[in-house]
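One structure below.
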Amino acid sequence: MSERKYIIHPYKFNMWLFLITLIMVFGGLTSAYIVALSFVKPENRLLLDLPGILVNNTIVIVFSSITMQMAVWMAKRGESRKAMLGLIFTFVLGLVFLVGQAYAWKTLTAAGQPLVDPGRIDNSASFFYIFTGLHGVHILAGLVVLLVALVKTSLNNFKTEENKQLTYEITATFWHFLGLLWIYLYIFLLYTQQKADLGA
């Protein structure tokens with residue numbers, strides 16, 4: 001059966017199901033964080049000083065989304081070399097983002113806020129590690145997807161032009177989602193820490 005006869009391609013449908021699952025997971029985690037904070041008395045609230053590198057990381061992931069979309073446009077125009085360049089830039093920016101997140105973890109740990117601290121009443125720091133760590137795992141998965149698309153493009157290993165476009169579109173959808181997810185998490189963390197300031 002030709003791919004053009006699908007209302008929505010099965011691969012795209014599966015991707016959207018996966019993304020909906022991620023929305024539910026992160027929505028549940030952020031809801032759990034809010035509930036956990038409601039049980040902490042104002043005098044016990046932890047003022048978590050978010051590492052400044054997170055601002056740079058936000059800028060990096062926004063730019064990576066732009067380079068990913070450029071790769072999609074170049075692929076549609078049949079300019080494989082430029083499409084590969086867009087994928088390479090996106091891949092490198094993804095690595096930079098992960099390095100930045102690792103530095104944020106190091107900064108927080110050095111400030112006396114490790115992942116686990118039995119004496120800590122407010123677990124804001126633990127949730128920070130969970131949010132950024134789980135997101136980082138999916139960034140790693142995104143890098144693998146980017147690498148696959150890059151290799152297939154370099155070898156011109158696509159059955160049809162439609163298959164090539166499908167690969168780029170699915171890769172871009174996943175990567176854009178990870179960018180939006182990070183922006184949501186960062187704003188959420190900023191908001192909850194502002195509330196911690198007000199309650200302290």
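The values are calculated or read from the model by the stated rules, or taken from the named source; none is laboratory data. If you're wondering where the values come from, they're calculated on a predicted model, not measured in any experiment. Counting neighbours? That spans all protein chains shown, and the Cβs are built from the backbone with ideal geometry, glycine included.
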>> Please count how many residues of the stretch 129-181 are over 25 Å from T58 (Cα atoms) and at pLDDT 95 or above.
In response: 0
>> So if I check each of L87, L98, L46, which one is in contact (Cβ under 8 Å) with a residue 24 or more places away in the chain, in contact with a Lys or Arg (Cβ under 9 Å, 6 or more places away or on another chain) and not charged (D, E, K, R)?
In response: L46
>> Can you tell me which condition K76 does not meet? The list is (1) within 30 Å of N123 (Cβ to Cβ); (2) surrounded by fewer than 16 Cβ atoms within 10 Å (Cβ to Cβ), and all the others hold.
In response: (1)
>> Going by what's in this entry, would K195 be described as modelled with pLDDT under 85, exposed (fewer than 15 other Cβ atoms within 10 Å of the Cβ), basic (K, R) and within 30 Å of D49 (Cβ to Cβ)?
In response: yes
> Out of (1) over 22 Å from T109 (Cα atoms); (2) surrounded by 15 or more Cβ atoms within 10 Å (Cβ to Cβ); (3) touching a residue at least 40 places away in the same chain (Cβ under 8 Å), what's the single condition that is false for M70?
Replying inline: (3)
> Within the stretch 101-137, which residues are surrounded by fewer than 17 Cβ atoms within 10 Å (Cβ to Cβ), in contact (Cβ under 8 Å) with a residue 40 or more places away in the chain and not β-branched (V, I, T)?
Replying inline: Y103, A111, R120, L134
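Matching residues to (1) among the aliphatic types (A, V, I, L, M); (2) within 21 Å of D49 (Cβ to Cβ):
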site	(1), (2)
L95	yes, no
A102	yes, yes
W105	no, yes
A125	yes, yes
F128	no, yes
V137	yes, no
L155	yes, no
I170	yes, no
Y191	no, yes
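For the stretch 57-65, indicate whether the set of residues that are without any contact (Cβ under 8 Å) to a residue 60 or more places away in the chain, part of a helix (DSSP H, G or I), surrounded by 14 or more Cβ atoms within 10 Å (Cβ to Cβ) and under 15 Å from the mean Cα position of the chain (by Cα) is non-empty.
Yes, that holds for at least one residue.
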